[in-house]
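Right, one structure below, let's go through it.
The values are calculated or read from the model by the stated rules, or taken from the named source; none is laboratory data. Quick caveat, the model's predicted, so the values are computed rather than measured. Positions of Cβ are generated from backbone atoms using ideal geometry, with glycine treated the same way; all protein chains shown enter the neighbour counts.
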Amino acid sequence: MKIAVVGTGYVGLVAGTCFAEMGNSVWCVDIDAAKIEGLKKGVIPIYEPGLSEMVQSNYADGRLKFTTDLAEAVADSRIVFIAVGTPPGADGSADLTAVLKVAESIGKVANGPKLIVDKSTVPVGTAAKVKAAAQSQTEHIMSVCSNPEFLKEGAAIQDFLRPDRVVIGAESPQNFELMDELYRPFVSYGAPILHMDPPSAELTKYAANAMLATRISFMNEIARICDAVGANVSHVRKGIGSDNRIGKPFLYSGIGYGGSCFPKDVKAIMATALENGGPFEILEAVESVNEKQKMLTVDRIVEHFGEDLTGKVFALWGLAFKPKTDDMREAPAIVICHELTRRGATVRATDPEAMATAREAIGDCVEYVGDAYAAADGADALILCTEWREYRNPDFERLAKTMRGCLILDGRNIFAERALREHGFECHRIGMPPVLN
C-alpha cells in the first residue's frame, strides 16, 4: 500500500518506519529540510531503541523515502497520515494550528480521493475540522479517520509492530476496510482492530493516558501514606496488583510522571471537560499530586541539609523522564535541578542518552558529566531520577570511597537494601522505610 506520513517527529517517524517494515511504500514528509537530509544519511533526530537500524534498512531497500515535497508524497499515496505536533495552549487545550495547516495543504495538492488519517493526539471533534479544512481546498473527495497511537517511549517499535489493539474511528465501511487492510499484518497474532466513530477514537487516546496518569498519582499518594505510617509501598503494590480487577502495570511509586503524553493529554482532556460542562476533578487532583511529587526529593534534601545549599554537591543520575529515551519533556529532573541550584547547590548530572536534550531543557545551571561515577566523585549526596539499567546495581564500594557524603535519594526504588547497608549509605526511598546507617 502507498502511504504518506506528514511529520517526522516521534510518532510520525516510528509509524512511517514500521509501515515500511511491513512492506508498504512510505513517504515521510517534513518542512525541516535539514532533518530530511539527515534522515537520508541515517541521522535519527530522536533516541528510540531499534529505530535507527530499521530506518536505514528500509531506506536502503527503497520502501521508506524522505522528502520536503508534500505534493510529491500525496500524489503517490492513497492514505495520508498527519503526525505533527499538538502542543498545549495556555489553557491546556491542544493547539491544532499545525494539524489544520497540513490538512489544507493536503487538499491543495490532492490529485484524487484521499483518506486523511489523524495520527496526532487531537481533541474530540478534530476529524470533522480536518475534513472541512482539506475539502475546502479541493473538488476531490477527502475522507478523514482517527487512528490514535498508543506507543511507549523506549518500546515504540515493539508497540507498533505488535499492538495491544488498533483503534480506528471512521465514517464509512470503505474507510474501515482500507485501514483494516493496512493494519492486518500488525494484528495477525490476534490483537483486535476496534471500529468506532471518530469522536470516540479521539477521546479513547486521552482517556487511556489519563487513566494511566491517575494510577501513577494514586500510587504516589499511597506511598505518601506508607511513609507516614511505616508501611512498604512495594508490598502494597503487589497486594493490590494481584487483584485481576486492578492489575500490575503503572502501580509503581516514584518522583512523578513526565514525557510527551501524560502531562499534555491530562491537560487536554481537562480542557475538554471545561468546554463541555465542568471541571474534571479527579484529573485536577492527579496533576496536583504529580507536581508535588516532583518536589519530594528537593524537600527531603532541604530537611537533611537546610534551605541554604551553598557549597553542597549533588550527583544526579538520569535526566530523561524515563529510561530508553532522550525525551526531557516534563521530566522530574528539570524541577529538581532548578530547585537545587536556586538554593546554591552544585549539581553534576549524567544520563546515557539525554545529555543534549537536557542542555536544551535545563540550560547551563548544572554540570553535565559523561560518567556516572565521575558525577558522584566528591558529592554530598546521590539522586537517582531515572531507572536506566546501568544504574540498577552500581559499585557501592566505589561510591562509598569517592563520595564526600553517604546520602542517597532513590527516586525509583531500585537500589538493593542489603548493598546500601553493607557500604554504610543512608537511603531515602518513595513509600518505603529509609535505610539508615
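Among the residues of the stretch 118-155 satisfying the criterion of being out of contact with any Lys or Arg (no Cβ under 9 Å at 6 or more places or on another chain) and in a helix (DSSP H, G or I), which is surrounded by the fewest Cβ atoms within 10 Å (Cβ to Cβ)?
Ala128
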Practice task
Give the stretch 316-370 a look and list any residue that's in contact (Cβ under 8 Å) with a residue 12 or more places away in the chain and small (Gly, Ala, Ser), or say none.
Solution key: Gly318, Ala320, Ala331, Ala333, Gly344, Ala345, Ala349, Ala354, Ala356, Ala358, Ala361, Gly370
Handout entry: Qualifying residue in the stretch 77-93 (condition: part of a helix (DSSP H, G or I), within 29 Å of the chain's Cα centre (by Cα) and within 27 Å of Pro173 (Cβ to Cβ))
Key = no
Problem - Candidates Gly318, Gly239, filtered to the one that is closer than 21 Å to Arg359 by Cα and among the small types (Gly, Ala, Ser) - result: Gly318
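Could you tell me whether Thr325 is polar (S, T, N, Q) and either under 16 Å from the mean Cα position of the chain (by Cα) or at positive phi (or both)?
Answer is yes for this residue.
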Fill in the blank from the handout: Taking the stretch 1-33 and keeping residues out of contact with any strand residue (DSSP E or B) (no Cβ under 8 Å at 6 or more places or on another chain), small (Gly, Ala, Ser) and assigned to a helix (DSSP H, G or I) leaves Ala33
Problem - Inter-residue pairs, beta-carbon under 8 Å, first assigned by TED's automatic domain parsing to the domain that holds Ala379 and aromatic (Phe, Trp, Tyr) and in the stretch 393-410, second buried (at least 20 other Cβ atoms within 10 Å of the Cβ) and modelled with pLDDT of 95 or more, 6+ apart - result: Phe396/Leu420; Phe396/Phe425
Completion exercise
Scanning the stretch 42-62 for residues that are under 19 Å from Val11 (Cβ atoms) and in a loop (DSSP other than H, G, I, E, B) gives Val43, Ile44, Pro45, Ile46, Tyr47, Glu48, Pro49, Gly50
Practice task
With the condition kept exactly as written, say whether any residue in the stretch 277-292 is over 22 Å from Ala372 (Cα atoms), among the β-branched types (Val, Ile, Thr), touching a helix residue (DSSP H, G or I) at 6+ places or on another chain (Cβ under 6 Å) and at pLDDT 95 or above.
Solution key: yes
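Please determine whether any residue of the stretch 52-60 is within 23 Å of the chain's Cα centre (by Cα), outside the structural domain of Ala358 (by TED's automatic domain parsing) and in contact (Cβ under 8 Å) with a residue 60 or more places away in the chain.
So in the stretch 52-60, the residues within 23 Å of the chain's Cα centre (by Cα) come out as 52-55.
Now restrict to residues that are outside the structural domain of Ala358 (by TED's automatic domain parsing): 52-55.
Subset that is in contact (Cβ under 8 Å) with a residue 60 or more places away in the chain: 54.
The answer is yes, given that some residue of the stretch 52-60 is within 23 Å of the chain's Cα centre (by Cα), outside the structural domain of Ala358 (by TED's automatic domain parsing) and in contact (Cβ under 8 Å) with a residue 60 or more places away in the chain.
Picking from Phe176, Phe160, which residue would you name as being in contact with a His (Cβ under 7 Å, 6 or more places away or on another chain) and either free of Cβ contacts under 8 Å to residues at least 24 places away in the same chain or in a helix (DSSP H, G or I) (or both)?
Going through Phe176, Phe160 in turn, the sole match is Phe176.
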Problem - Residue list for the stretch 254-309, restricted to those being polar (S, T, N, Q) and in a helix (DSSP H, G or I) - result: Thr272, Ser288, Asn290, Gln293, Thr297
Exercise for the section: Just one of (1) surrounded by fewer than 17 Cβ atoms within 10 Å (Cβ to Cβ); (2) in the same structural domain as Asp95 (by TED's automatic domain parsing) trips up Gly230, so point out which. Expected result: (2)
Exercise for the section: Go through the stretch 235-268 and count every residue that is more than 15 Å from the chain's Cα centre (by Cα) and surrounded by fewer than 18 Cβ atoms within 10 Å (Cβ to Cβ). Expected result: 13
Practice task
Output the residues belonging to the stretch 209-224 that are among the hydrophobic types (A, V, I, L, M, F, W, C), touching a residue at least 60 places away in the same chain (Cβ under 8 Å) and under 14 Å from Ile269 (Cβ atoms).
Solution key: Ala210, Ala213
Completion exercise
Of the residues in the stretch 183-208, those that are crowded, with 21+ Cβ neighbours inside 10 Å and more than 17 Å from Met270 (Cβ to Cβ) come to Pro198, Ala201
Problem - Those residues of the stretch 390-425 which are in a loop (DSSP other than H, G, I, E, B), more than 27 Å from the chain's Cα centre (by Cα) and over 13 Å from Ala379 (Cβ atoms), in sequence order - result: Asp395, Ala416, His423, Gly424
Problem - Number of the exception - Arg63 against (1) surrounded by 15 or more Cβ atoms within 10 Å (Cβ to Cβ); (2) under 26 Å from the mean Cα position of the chain (by Cα); (3) closer than 21 Å to Ile157 by Cβ - result: (2)
Practice task
Pairs only if they're at least six apart or on different chains, beta carbon under 8 angstrom, first in the stretch 66-85 and of a type in the set (Asp, Glu), second surrounded by 15 or more Cβ atoms within 10 Å (Cβ to Cβ); list them, first residue then second.
Solution key: Asp69/Val29; Glu72/Trp27; Asp76/Ala4; Asp76/Ser25; Asp76/Trp27
Practice task
Return only the number of the condition from (1) without any contact (Cβ under 8 Å) to a residue 12 or more places away in the chain; (2) in contact with a helix residue (DSSP H, G or I) (Cβ under 7 Å, 6 or more places away or on another chain); (3) of a type in the set (Ser, Thr, Tyr) that Ser188 does not satisfy.
Solution key: (2)
Practice task
Say whether the condition of being buried (at least 19 other Cβ atoms within 10 Å of the Cβ), touching a Lys or Arg at 6+ places or on another chain (Cβ under 7 Å) and in a loop (DSSP other than H, G, I, E, B) is met by at least one residue in the stretch 336-352.
Solution key: yes
Exercise for the section: For residues that are at pLDDT 95 or above and farther than 22 Å from Lys35 by Cα, scanning just the stretch 78-92, find the one that is surrounded by the most Cβ atoms within 10 Å (Cβ to Cβ). Expected result: Ile79
